[in-house]
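Presented below is the structure to which this report refers.
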């Protein structure tokens, strides 16, 4: 496992149910967290709500382009999955970087 993805080890997703839906949901959450961390490491925090919105909108626009592909297009499902994960990850970045910016500064000062 690469250095940047050791972060994911801190998030143990505990879903007791063993049904197929819960197993898939766990994989989706892990994929979103991996994408979130990869983007955060590569690009850093959003500097403003405007920047965060622009990035999130770009991902949503890419998801919309995937949605508009013909249903018999062989790459449609893969594109939908990839763009939905990226959009969700950018939504998490927006919440963390913009909505909780003051809280993270406080925690860093307190050494949490």
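Observations on the structure shown:
- Summed over the stretch 51-76, residues that are more than 18 Å from the chain's Cα centre (by Cα) and exposed (fewer than 14 other Cβ atoms within 10 Å of the Cβ) total 9.
For every residue, the table says whether it meets (1) at pLDDT 90 or above; (2) closer than 13 Å to residue 86 by Cβ.
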residue	(1), (2)
11	no, no
20	yes, no
23	no, no
34	yes, yes
44	yes, no
47	yes, no
56	yes, yes
63	yes, yes
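- Verdict on residue 85 being modelled with pLDDT under 95, touching a helix residue (DSSP H, G or I) at 6+ places or on another chain (Cβ under 6 Å) and surrounded by 11 or more Cβ atoms within 10 Å (Cβ to Cβ): no
- Filter result for residue 91 (over 24 Å from residue 26 (Cα atoms), buried (at least 16 other Cβ atoms within 10 Å of the Cβ) and at pLDDT 95 or above): no
- Filter result for residue 16 (over 19 Å from residue 98 (Cβ atoms) and either in contact with a strand residue (DSSP E or B) (Cβ under 7 Å, 6 or more places away or on another chain) or surrounded by fewer than 12 Cβ atoms within 10 Å (Cβ to Cβ) (or both)): yes
The values are calculated or read from the model by the stated rules, or taken from the named source; none is laboratory data. All figures in this text were calculated on a predicted structure; none of them were measured in a lab. When we count neighbours, we look across all protein chains shown, and the Cβ atoms used for this are built from the backbone with ideal geometry, even at glycine.
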